[in-house]
1. Restricting attention to segment 249-280, report how many residues are within 27 Å of His112 (Cβ to Cβ) and either under 14 Å from the mean Cα position of the chain (by Cα) or among the acidic types (Asp, Glu) (or both).
2. Which residue pairs have Cβ atoms under 8 Å apart, sit 6 or more places apart or on different chains, and have a first residue in segment 298-322 that is of a type in the set (S, T, N, Q) and surrounded by 12 or more Cβ atoms within 10 Å (Cβ to Cβ) and a second that is at pLDDT 95 or above and in a helix (DSSP H, G or I)?
3. State which residue pairs qualify: first residue under 20 Å from Phe218 (Cβ atoms) and inside segment 66-81, second residue outside any helix (DSSP H, G or I) in any location, beta carbons under 7 Å apart, and separation of 6 or more residues or different chains.
4. Would a scan of segment 109-120 turn up a residue that is within 14 Å of Ser203 (Cα to Cα) and at pLDDT 95 or above?
5. Would you mind stating whether Phe55 is free of Cβ contacts under 8 Å to residues at least 60 places away in the same chain, among the hydrophobic types (A, V, I, L, M, F, W, C) and buried (at least 20 other Cβ atoms within 10 Å of the Cβ)?
6. Is there a residue being at pLDDT 95 or above, in contact with a helix residue (DSSP H, G or I) (Cβ under 8 Å, 6 or more places away or on another chain) and over 19 Å from Ser250 (Cα atoms) anywhere in segment 78-86?
7. Please work out which one of (1) more than 20 Å from Gln151 (Cα to Cα); (2) surrounded by fewer than 13 Cβ atoms within 10 Å (Cβ to Cβ) is the condition Gly96 fails and give its number.
8. Before we move on, is Phe55 hydrophobic (A, V, I, L, M, F, W, C), touching a helix residue (DSSP H, G or I) at 6+ places or on another chain (Cβ under 9 Å), within 30 Å of Ile294 (Cβ to Cβ) and in a helix (DSSP H, G or I)?
Amino acid sequence: MTVRSFLQITLSNNNYKSLEHLQTRAENYLRYRKAEENILRSTVEGLTNPESPVFKQTAWMGHLERGLWKTETRWDGNDREQLGKEALGSEEPKPGSPFYGSRGLKLSDSAHSAFSMMLCGSEGPFTKEQALSGFELAQTGQVLAGRLKIQERVKFRADNRIDAQRNGTHSTRTPTGMDLSQDIGTIMRDKAGLPVMSGTSGSSSDATLATRYAAEHFGKTWAAPGLSQAEGCKAISDLSHHYFRAEGSSPPQSMATGINKVRYDAGMEEKYVNTLDIFTHSYPEIYAGVALTIAGAGGNDEQAMYNVTQEAARILHEAETKD
């Protein structure tokens, strides 16, 4: 029954070694589904309160990222005003633009105006609504810097990014499913009985290293003023979890489209599920991407991975008891 209900409620495309392996993954996912839902709900509530750690941290991430783009001159042949209009959605992306085509950058609806303002180098403070998009500004700003070949950011990412070992597979491309059998973080999460989706989150690492880079560039702290490093790390993890799992956010929509295309190509019906159950990243995968990037640990550092896995387990256990 566990496997059946797991397959019914989720939209995923993962490779399993055996039926037992699938059974274990299904049990681990369902065991912590409520805890992950509680974390998500708590973040949604926190984002309505300017005094909460998640609000402070997302506003700070947006402030730092915006500062990097203010005086940027390297646009790889693009016009920054034009990119700002494309980010806003007021003009269609032109060929050659980072926003153009099926591989173009995607923004959540709530991030369009802040991202546009950042790219245009506009003056004036963000509104409260724009400040909420700070995490996405950092994450997508980092990806944009790569597309525009801004060398020092490309190098910082190459030196500091953490990601999963997926053996060249992906849920949205590989008919036989994403293969995480060689991924050190996934092996530890399976052992610890924690939920697995897509392995240690490289996109969470991107957002974190963007904020680390900007903080070092401006001589500031990466954690928002008033937050300890532990609070800052937890806040970025909560924000990234919100980015990956919340209704109306860009990653689950993109993932669902990609997995449904694989399903369609295989002659299966498209499937629609609760946004929370679209397989992007589980909380422990996100926490690992954030915490290891903050610590400057390598993706193959087993002791560091073990420590962040245990801490993620503690956070989930704590969230289970909240109602």
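1. Residues that pass the stated criteria total 13.
2. As it stands, the answer is Thr309/Gly185; Thr309/Met188; Thr309/Arg189; Thr309/Ala192; Thr309/Pro284; Thr309/Ala288; Gln310/Ala192, since those pairs meet every condition given.
3. If the second residue must be outside any helix (DSSP H, G or I), the pairs left are Trp69/Gly121; Lys70/Gly121; Arg74/Leu148; Arg74/Ile150.
4. Looking for residues that are within 14 Å of Ser203 (Cα to Cα) and at pLDDT 95 or above, one finds none in segment 109-120, hence no.
5. No: the conditions fail for Phe55.
6. The answer is yes; a qualifying residue exists.
7. (1)
8. The answer is yes for Phe55.
The values are calculated or read from the model by the stated rules, or taken from the named source; none is laboratory data. All values reported here derive from a predicted model rather than from experimental measurement. Quick reminder, even Gly has a Cβ in these numbers, built from the backbone with ideal geometry, and neighbours come from all protein chains shown.
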